[in-house]
Structures are given as C-alpha cells and as structure tokens.
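Everything on this sheet refers to the single structure shown next.
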Amino acid sequence: MSLQAPILEVDGLRKVFRGRTAVDGVSFRVAAGECFGLLGPNGAGKTTTIRMLYGFSPPTAGTVRLFGMDLGRDWRRIRARIGVCQQDNTLDPDLSVEENLLVFAGYFAIGRREAAARAAELLEFFALTPRARSRVMDLSGGMIRRLILARALVNRPDLLILDEPTTGLDPQSRHQVWDRLEKLKASGLSAILTTHYMEEAARLCDRLVIVDRGRILVEGRPGELIRKHVGRQVVEIGGPDGALREYLKEQGLPHDDLGERILLYTAGDDGRVAAVREHFCLRRCTFRDATLEDVFLRLTGRELRE
Amino acid sequence: MIRWDAISWRFLRVWRRNFVTFRRIWKVNFLTPLLEPVFFIAAFGLGFAGLLGEVRYGGAAFSYPAFLAPALIAAAVMNNAFFETTYASFVRMYYQKTFDGMLATPLSLEEIMLAEIVWSASKAAAAAAIMLGVLSLFGLLLWPGALLVIPLAFLGGIAFGAIGLFFTGIVPTIEMFNLPIFLFVTPMFLFSGTFFPVSNLPLWAKPLALSFPLYHLVELCRLVCLGRSETVAFLSLGYLAVFAVFFTILALFFMRRRLIR
C-alpha cells in the first residue's frame, strides 16, 4: 500500500436505532499518518460512528474499509491492527495495572514475554511504572485514562481510535494526555479522535469534520475552517443597543446576536469593524482571535443538547 | 444471528482472564467447597442421624450422609456455575464493561460468551474436586469411580452456566436474578432427589423432577460415587448434553441481541 492510500475509507455510513437515525450518511477518508477529528455536540452520532469503525455496531447501511480491507469480512484482521480507547472506563478492576496490559495483550494472541516487554515500555511512556502493581480502583482519573491509552497501544496499532480521550480530566491530566498523543503522532501513528473540546481538536487534528444530527456539516483543516466560517478575529460586544444592531444590519457585517452579547466576526482590516470599535464599544468589549469553538457554535447552534 | 464461524481457540484467552482474577482470591474461592460439605454432613449426619436411619435407594440401603454426599457435589456444581454466569457475568458486562473492552480486540462476542460458560464449568469442576476430597475423608464415596464426578461436574457446569448466561442476556437489572433463583434454582435444589429419592415423590410430581437438569446430575453423581442410580445413565447424560447445547445457543443469541446495538 502506498503512503498516499487512505488507511480508513468510510462511505455512506448510516445507523438507525428503532426508527431513530443516529448516523445519516457519513463519508470520509483518513490518510496514513494523519490525525482526523470527529467533532459534534452530544448526540451528534460521534460515538455511534466510532463504534461502527471498529466493528462493534453493525452499520444499517454503508461500508467501512480499513487498511484496504472490508470491515464486515476481515474484522478480525482489522481489529488486530487498531487500538481503541473507548469513552467508558473498560479497564478490569479485578486486575492490577500491569495485569490489565498483559491480559489485554493475550486477547491479541501476543506471547507472554513480548507482552511483558511491551507492558513495561508502555507503563514507562505513560508514567505509570511506579503504579504497575496498584489496583485500578486506586488510580486517579488521569492515570486511568493513561492506562486505557496504554492498553489501546499494546498491539502496536496502525490506527488509534480515541473516543473523547480527555473528557472529565483536570487540566494537568489533560495536558499530559495531549503531550503523549502528540508524541505518538510525531512517531507517525494515524489516529481518529472524537471530542467536544475545540482546543483539543485544534491542537491534535490535521483535519476534521463537524457532525450534527448524524450528518457532516463541514470538513477541513482547523485553520481553514476558522478562516472560512468565522474569519480571523472576533469582537465580543457586551450590552449591545439598538443603534449597534441597526448598524450591523445596515453594513451586512457577519455576527451572532445572543441578546446580552453580540459576536462580530471579521477577517481583520475592515474599516466598518473599526467603526464599530470606535462608536459602539463604550462599555464591555473584547477583541480576540477566532477559534474553532466559534466555528462549532456557529454551525451547530447554541441551544443545549442533552 | 449467531456467527458460528467467529468461534475459535481464542476463547481460551477470555477463560484465562477469569482464571487470573480467580487466582487473586483463590483462598476465599476455595473456602466454600471446603467447608460447605463439612457443615451439611455434620448437620445431617449428627443432627438427623437418629431421626432418619437408612435410606432405600436404587435397591440398596445407605446411611443418610452417604446418600446426601453426591447430591451436595451436584448442587454445588449448579450454584457455582449458575452464580458465575448470572451475577458475576452481569457485573462484568454491565458495571465493569469488560465485554465492551474485549470487543475492541480480535475477539468475537461468541468467543467471549463461550468462554464465560466454559469458565463457569471449570470453576464448578474445581469446586467438585475439592468437595470430593473432603467427602472422601468421611469415607462416603467409592474410589476410584468417584473421580468421574469431575468430568460430570464440567458437563453439568456447562448446562447451568449456559442457562445462567441466558438469564443474563434477558434480565433488565441485576436484582431480577431473584426470579430465576426463586423459581428455578431453589425448587431444583430441593426436589431433584438431593435430600430424598425422587421415587418417594407422588406420581404427579415425578415428571417435574425428571425435567430438572440437577436431578440428572445428582443421579449421575450417585452412580459414580455409590454405584447405584434410579435413572438410565446414558439418558441422563444425553439430557444434560442437550440441555447444555440448547441453552448455550440461547445464551449466545440473547447476549448478542443485548450487547450488539
């Protein structure tokens, strides 16, 4: 397989649960060495999509090909080459930290000596060596997450599948996980990642899709998406008045009116934005760079998803 | 819906996982089969001895402890296997999400479930072996024939483990296991010829006892331990084997329906 051939090809993937469509025709490609992001609000169909990618859920329609093989037929060979970091803690609480890796290596039919060597290496990489004999129940949230990651790497996968790898972690732990993931990425490991932390996606993903209600809304590189859908900068204007609203409408400036706050999007040197700054920013005003979060909220809306 | 072609030797890896966790608390795990027969024999041998005298069974007379001993092993096989694939498997499935983790590896659902059943049977056979040793100390069993209890325990373990896993596939919550225990396990424990010969039951109750898998296991255990039985051995073996296969298929079917969404 050439370097340019996609490692993962998803075509027209659909999933219907009891008449409710969770994933509605999703297609994308992931190239070797790429980190691909799957972003979306709760219930967008991210986890359902991920579960179909490693053959946990059978798709209602569509195909998944990994490493040039069909997932429906070659699921066992494919699963031997992927590492999955599930959203739930699926570690074995009956086993120690090290045993978790050794027993899991057994599921991949990795020999005992080889498994022991890999476990030692992974524990070192994830700074878990001092806790090798601890019970999983005694670990902190960050350590549990790192152990799940270590376990997903025990078969030396060609593709790492990460379903919300840092959800629920404190900032220190999150940065530690990001640091390790960046190292893995630098070593050439391909990855597919779901998250609703935009900072995480912007930092780790080469390319991403934003999904909502089971469909892909946009696809692209984080920087491109920001420039295309938001611009370069955002002016947050607190306590806007009627005159400002009138002016924005008159000038046709892209903005979102949140009632108590207006977000004004700008590509940079725009005289009209300067005018807004001068005339309407008398009270609370913030100037900042546009982020992926702005793209996300503009595309998926601001109402709560529960 | 069951993928028979997805079953390979890999199921032994899942078996090994259960074995590793079992080893961690083996002292506690072995305490029950070690002490349970002692308690029963003490209670029935010492306490009941004056009331009961001898039991007529299979054309011969036995002391009550001797009559009871093989049935105690059979009942322990049922309890070990059934509780393993109900409560213990449910905890692994629902609370620990162990199966979800396994399903991200080259293991198939069928292999995982088969391993659960085979594991429960192994655990039951280990308990039977320990009880065999303890009961032999009381001089209640025929040697070396009694050693056949171990393969019988494995077969019985598959049967009870399979029906246990079938219940795990259908119960909505862990509390619901009370129902099959109350309606299935307890009546079987009492009316399978465990405490009295089924030939003592009134005519209408006999077919019910004959339909219990525990009855057949008890009879087979008595045959190898005492040399007497009230059934035809190969029919009882056949019944247990058919029961085991039937509920293994049902367990695989309902666990697939429950887990794969």
In segment B:76-96, anything touching a Leu at 6+ places or on another chain (Cβ under 7 Å) and away from chain A (no Cβ under 14 Å) is listed as B:V77, B:M78, B:T85
B:R13 fails exactly one of (1) touching a residue at least 60 places away in the same chain (Cβ under 8 Å); (2) among the charged types (D, E, K, R); (3) more than 13 Å from chain A (Cβ to nearest Cβ), namely (3)
Sole miss for A:L147 among (1) closer than 22 Å to B:N18 by Cα; (2) within 14 Å of another protein chain (Cβ to nearest Cβ); (3) modelled with pLDDT under 95 is condition (3)
Note on A:G55: of the conditions (1) more than 26 Å from A:T21 (Cα to Cα); (2) in contact with a Leu (Cβ under 6 Å, 6 or more places away or on another chain); (3) at the interface with another protein chain (Cβ under 9 Å from one of its Cβ atoms); (4) open to solvent by 10 Å² or more (accessible area, probe 1.4 Å), unmet is (1)
- [ ] Could you tell me whether any residue of segment B:146-161 is free of Cβ contacts under 8 Å to residues at least 40 places away in the same chain, on the phi < 0 side of the Ramachandran plot and open to solvent by less than 40 Å² (accessible area, probe 1.4 Å)?
- [x] no
Residue hits (segment A:276-298; under 33 Å from the mean Cα position of the chain (by Cα) and acidic (D, E)) are A:D289, A:E293, A:D294
Counted residues in segment B:169-219 being under 30 Å from B:L141 (Cα atoms), polar (S, T, N, Q) and open to solvent by 10 Å² or more (accessible area, probe 1.4 Å) come to 4
The residue from B:L226, B:L252, B:L240 that alone is closer than 21 Å to B:L148 by Cα and modelled with pLDDT of 95 or more is B:L240
Residue hits (segment A:76-97; under 24 Å from the mean Cα position of the chain (by Cα), more than 8 Å from chain B (Cβ to nearest Cβ) and surrounded by fewer than 22 Cβ atoms within 10 Å (Cβ to Cβ)) are A:R81, A:Q87
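Looking at A:L123, A:L149, which one is in a helix (DSSP H, G or I), crowded, with 20+ Cβ neighbours inside 10 Å and touching a Phe, Trp or Tyr at 6+ places or on another chain (Cβ under 9 Å)?
On the way: A:L123 fails: touching a Phe, Trp or Tyr at 6+ places or on another chain (Cβ under 9 Å).
None of the others qualify; the one that does is A:L149.
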Contact list, first residue from segment B:220-248 and open to solvent by 30 Å² or more (accessible area, probe 1.4 Å), second anywhere and β-branched (V, I, T) and modelled with pLDDT under 90, beta-carbon distance below 7 Å, six or more apart or interchain, is B:E230/B:V198
Item to check | Qualifying residue in segment B:176-191 (condition: in contact with a helix residue (DSSP H, G or I) (Cβ under 7 Å, 6 or more places away or on another chain) and either within 14 Å of chain A (Cβ to nearest Cβ) or of a type in the set (G, A, S) (or both)) | outcome: no
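Conditions tested, residue by residue: (1) more than 14 Å from every other protein chain (Cβ to nearest Cβ); (2) of a type in the set (D, E, K, R); (3) on the phi > 0 side of the Ramachandran plot.
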position: A:P6; (1), (2), (3): yes, no, no
position: A:E9; (1), (2), (3): yes, yes, no
position: A:E34; (1), (2), (3): yes, yes, no
position: A:R51; (1), (2), (3): no, yes, no
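Going through B:A121, B:A129 one at a time, which residue ends up being surrounded by fewer than 23 Cβ atoms within 10 Å (Cβ to Cβ), part of a helix (DSSP H, G or I) and more than 14 Å from chain A (Cβ to nearest Cβ)? Let's see the steps before the verdict.
Numbers: B:A121 fails: surrounded by fewer than 23 Cβ atoms within 10 Å (Cβ to Cβ).
Going through B:A121, B:A129 in turn, just one is surrounded by fewer than 23 Cβ atoms within 10 Å (Cβ to Cβ), part of a helix (DSSP H, G or I) and more than 14 Å from chain A (Cβ to nearest Cβ): B:A129.
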**Message:** For segment A:180-188, check the following and say yes or no: at least one residue is open to solvent by 20 Å² or more (accessible area, probe 1.4 Å), in a loop (DSSP other than H, G, I, E, B), in contact (Cβ under 8 Å) with a residue 60 or more places away in the chain and in the same structural domain as A:I78 (by TED's automatic domain parsing).
**Reply:** yes
Of the candidates B:I112, B:I73, the one satisfying the condition of being within 14 Å of another protein chain (Cβ to nearest Cβ), of a type in the set (V, I, T), in contact (Cβ under 8 Å) with a residue 40 or more places away in the chain and in contact with a helix residue (DSSP H, G or I) (Cβ under 6 Å, 6 or more places away or on another chain) is B:I112
Within segment A:126-142, of all residues that are more than 26 Å from B:I25 (Cα to Cα) and either within 14 Å of chain B (Cβ to nearest Cβ) or in a loop (DSSP other than H, G, I, E, B) (or both), the one least open to solvent (accessible area, probe 1.4 Å) is A:F126
Matching residues in segment B:12-34 (more than 18 Å from the chain's Cα centre (by Cα) and at pLDDT 85 or above) number 8
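Take the residues in segment B:207-261 that are of a type outside the set (F, W, Y) and in a loop (DSSP other than H, G, I, E, B), then tell me which one is farthest from B:A71 (Cα to Cα). Walk me through how you get there before you give the answer.
First pass over segment B:207-261, keeping only residues of a type outside the set (F, W, Y): B:207-211, B:213-214, B:216-233, B:235-238, B:240-242, B:244-245, B:248-252, B:255-261.
Applying the additional criterion that residues be in a loop (DSSP other than H, G, I, E, B) yields B:227-232, B:260-261.
On the way: B:G227: 14, B:R228: 13, B:S229: 12, B:E230: 13, B:T231: 14, B:V232: 17, B:I260: 39, B:R261: 42 Å.
The extreme case among them is B:R261.
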Segment A:14-113: helices (runs of 4 or more DSSP H) wholly inside it with 1 or more residues that are within 30 Å of B:A88 (Cβ to Cβ) and touching a residue at least 60 places away in the same chain (Cβ under 8 Å) are A:46-53
Within segment A:228-264, of all residues that are farther than 24 Å from A:L217 by Cα and charged (D, E, K, R), the one least open to solvent (accessible area, probe 1.4 Å) is A:E236
The one condition B:F99 fails out of (1) crowded, with 24+ Cβ neighbours inside 10 Å; (2) in contact (Cβ under 8 Å) with a residue 40 or more places away in the chain; (3) within 14 Å of chain A (Cβ to nearest Cβ) is (1)
Per the list (1) at pLDDT 95 or above; (2) under 21 Å from the mean Cα position of the chain (by Cα), residue check on A:A116 breaks on (2)
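The values are calculated or read from the model by the stated rules, or taken from the named source; none is laboratory data. Predicted model only: the values in this text are computed from it and were never measured. Backbone-built Cβ (ideal geometry, glycine too); neighbour counts: all protein chains shown. Heavy atoms of the whole protein, side chains included, go into the accessibility calculation; ligands, DNA and RNA do not. Shrake-Rupley method; radii C 1.70, N 1.55, O 1.52, S 1.80 Å.
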